[in-house]
Amino acid sequence: MPVSWYDVDSKSANLSKHDFLGQAYCTLGEVVGSLGSRSEKALGGIQGKKCGTIIVKAEELNNCRESVMMQFCGNKLDKKDFFGKSDPFLVFYRSNEDGTFTICHKTEVVKNTLNPVWQAFKISVRALCNGDYDRTIKVEVYDWDRDGSHDFIGEFSTSYRELSRGQSQFNVYEVINLKKKGRKKKYLNSGTVTLLSFLVDIDVTFLDYIKGGTQINFTVAIDFTASNGNPAQPTSLHYMSPYQLNAYAMALKAVGEIIQDYDSDKMFPALGFGAKLPPDGRISHEFALNGNPQNPYCTGIDGVMEAYYQSLKSVQLYGPTNFSPVINHVARYAASVKDGSQYFVLLIITDGVISDMAQTKESIVNAACLPMSIIIVGVGPAEFDAMVELDGDEIRISSRGRFAERDIVQFVPFRDYIDRTGNHILSMARLAKDVLAEIPDQFLSYMRTRGIKPSPAPPPYTPPPYTPPGQPIQT
């Protein structure tokens, strides 16, 4: 597996915004099989430059789903700044099986005080101690300096088991600077750090809700605008070749076959937009692919594919490219079921030339407070700047000064997943993985902000006892 290192310059998820430091290649087996599960690799990737060395260590994670919310304060910490007091922050380290330590959390800096109160923070117990309640947790206290040469104030050690006692005399820690202690006979400490609160939470997962009965409702919307090209021509994105799937069909099949497993009834509303409909040539941005506006449901992804092919034969590609009607269509259903029993996912497949950007932003901002996610797959060679804006990963989408409550849009350009060797199975698998990557987190963000817990999983089905033929049935 290739592993790349970057110098982070901003909060952007776009790697091109950060400085590339180097790259190394290794396999998990190579790391685990090394002495002490420790592998040392030279970094490369920048021609003519030595990029340094990286050490990769492996430790098996325990199956621990607890997280803990903690808050600390300091008291009478050492003064380190000549013109002020100190700007203290804490660094937490998890001890490893070989006795070394790994940073697992840093607090924020509290400026110009010797008695800081740091903000409460949440960390998984797995990250803190790998589920081992008695494993050492080391905490270092520093005075922040602008140039990065932070001054060491002192340190203390604890464990999850000690911290779990909560606020008490047991969780007031002396901050010790060993160098200072060795120099000064009357040295007591460099201040104290006190645990103010300790709250344990069990992390629930996407699958906990699915097992508890939450239904995923999957809706498809396909772009039938003229910018896709004449379906009768091989250059069209809608071209129906007898030999292979077109870009729309490939995207639909790849994503649909994954998500349909979470939709229990396998009945999918399938919509089209941007076409003239028979018999009168009416332009529609929200029509049923199966021709039945009262019942747009198709049976399984194969049923959606069939309805899509039939629509191509009957409608006329036209325009403009309006997203808001299909988003509002699904939002109406999502707005009627806010109790966590259902969640709605809209897949929009488009060539990317959007016409109603302002209305679409408004629809997304409104839908962000509903149990709903939107996946946009862009097909064809167009520039997808508008789709990236809708995605909202770097800048949260807004409309008329109102920001979306949460990120609900995931965009991927289909061309990035076309396998040049013609191996469509591989490219479809990669597409489906990346397209669906954000759905569980978007789902969980809705449930958490609404305080909705997963229902208990129903007991496994137990068949009735076997009754031999001719025997009376027990009642």
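Observations, loosely collected:
- Pick from segment 399-419, criterion over 18 Å from the mean Cα position of the chain (by Cα) and assigned to a loop (DSSP other than H, G, I, E, B), ranking: surrounded by the fewest Cβ atoms within 10 Å (Cβ to Cβ): Gly401
- The set of residues in segment 65-78 being part of a loop (DSSP other than H, G, I, E, B), open to solvent by 50 Å² or more (accessible area, probe 1.4 Å) and within 23 Å of Asn112 (Cα to Cα) consists of Lys76 alone.
- Candidate set: segment 333-358, residues that are aliphatic (A, V, I, L, M) and part of a strand (DSSP E or B); chosen: the one farthest from Glu389 (Cα to Cα): Val345
- Qualifying residue in segment 114-136 (condition: closer than 11 Å to Phe89 by Cα and among the aromatic types (Phe, Trp, Tyr)): yes
- Candidates Val330, Val388, Val326 - the one that is assigned to a helix (DSSP H, G or I) and under 20 Å from Leu431 (Cα atoms): Val388
- Within segment 188-214, residues that are within 20 Å of Ile123 (Cα to Cα) have Cβ atoms under 7 Å from residues that are open to solvent by 40 Å² or more (accessible area, probe 1.4 Å) and among the β-branched types (Val, Ile, Thr) in these pairs: Thr194/Val172, counting only partners at least 6 apart in sequence or on another chain.
- Segment 335-353, residues that are surrounded by 23 or more Cβ atoms within 10 Å (Cβ to Cβ) and aliphatic (A, V, I, L, M): Val345, Leu346, Leu347, Ile348, Ile349
- Restricting Val68, Val109 to residues that are closer than 28 Å to Trp5 by Cβ and not polar (S, T, N, Q) narrows the list to Val109.
- Unique residue being of a type in the set (Lys, Arg), part of a helix (DSSP H, G or I), modelled with pLDDT of 85 or more and surrounded by fewer than 17 Cβ atoms within 10 Å (Cβ to Cβ) when the list is Arg396, Arg448: Arg448
- Note on segment 64-88: residues that are in contact (Cβ under 8 Å) with a residue 60 or more places away in the chain and farther than 16 Å from Tyr160 by Cα total 10.
- Enumerated strands (runs of 3 or more DSSP E) restricted to segment 116-175, each holding at least 1 residues that are in contact (Cβ under 8 Å) with a residue 60 or more places away in the chain, exposed (fewer than 14 other Cβ atoms within 10 Å of the Cβ) and in the same structural domain as Phe92 (by the TED database): 121-124
- Within segment 391-405, being more than 19 Å from Gly352 (Cα to Cα) and among the small types (Gly, Ala, Ser) holds for Ser398, Ser399, Gly401, Ala404.
- Restricting segment 317-327 to residues that are under 29 Å from the mean Cα position of the chain (by Cα) and over 28 Å from Gly212 (Cα atoms) leaves a set whose member that is surrounded by the fewest Cβ atoms within 10 Å (Cβ to Cβ) is Pro325.
- Complete set of residues in segment 251-279 that are part of a helix (DSSP H, G or I), open to solvent by less than 50 Å² (accessible area, probe 1.4 Å) and touching a helix residue (DSSP H, G or I) at 6+ places or on another chain (Cβ under 6 Å): Ala251, Ala254, Val255, Gly256, Gln260
- Tabulated pairs, segment 325-338, first within 20 Å of Ala358 (Cβ to Cβ) and touching a residue at least 12 places away in the same chain (Cβ under 8 Å), second crowded, with 16+ Cβ neighbours inside 10 Å and among the β-branched types (Val, Ile, Thr), C-beta under 6 angstrom, 6+ apart or interchain: Val330/Thr219
- Of all residues making up segment 285-316, the number that are surrounded by fewer than 19 Cβ atoms within 10 Å (Cβ to Cβ), within 34 Å of the chain's Cα centre (by Cα) and not in a loop (DSSP other than H, G, I, E, B): 7
- All of Thr53, Thr27, Thr100 fail the test of being of a type in the set (Ser, Thr, Tyr), closer than 25 Å to Glu162 by Cα and open to solvent by 50 Å² or more (accessible area, probe 1.4 Å), apart from Thr100.
- Checklist (1) hydrophobic (A, V, I, L, M, F, W, C); (2) open to solvent by 30 Å² or more (accessible area, probe 1.4 Å); (3) touching a residue at least 24 places away in the same chain (Cβ under 8 Å) applied to Ala221, failing item: (2)
- In segment 176-209, residue modelled with the lowest pLDDT [restricted to those that are part of a loop (DSSP other than H, G, I, E, B) and open to solvent by less than 60 Å² (accessible area, probe 1.4 Å)]: Asp203
- Residues in segment 79-93 that are open to solvent by less than 50 Å² (accessible area, probe 1.4 Å) and not β-branched (Val, Ile, Thr): Asp81, Gly84, Ser86, Asp87, Pro88, Phe89, Leu90, Phe92, Tyr93.
- Residue-level check: of (1) open to solvent by 10 Å² or more (accessible area, probe 1.4 Å); (2) over 27 Å from Cys64 (Cα atoms), Gly212 misses just (2).
The values are calculated or read from the model by the stated rules, or taken from the named source; none is laboratory data. Remember, predicted model here, so these are calculated numbers, not experimental data. Virtual Cβ from ideal backbone geometry, glycine too; neighbours counted across all protein chains shown. Remember, those area values only see protein heavy atoms, side chains included, never the ligands or the DNA or RNA. Shrake-Rupley method; radii C 1.70, N 1.55, O 1.52, S 1.80 Å.
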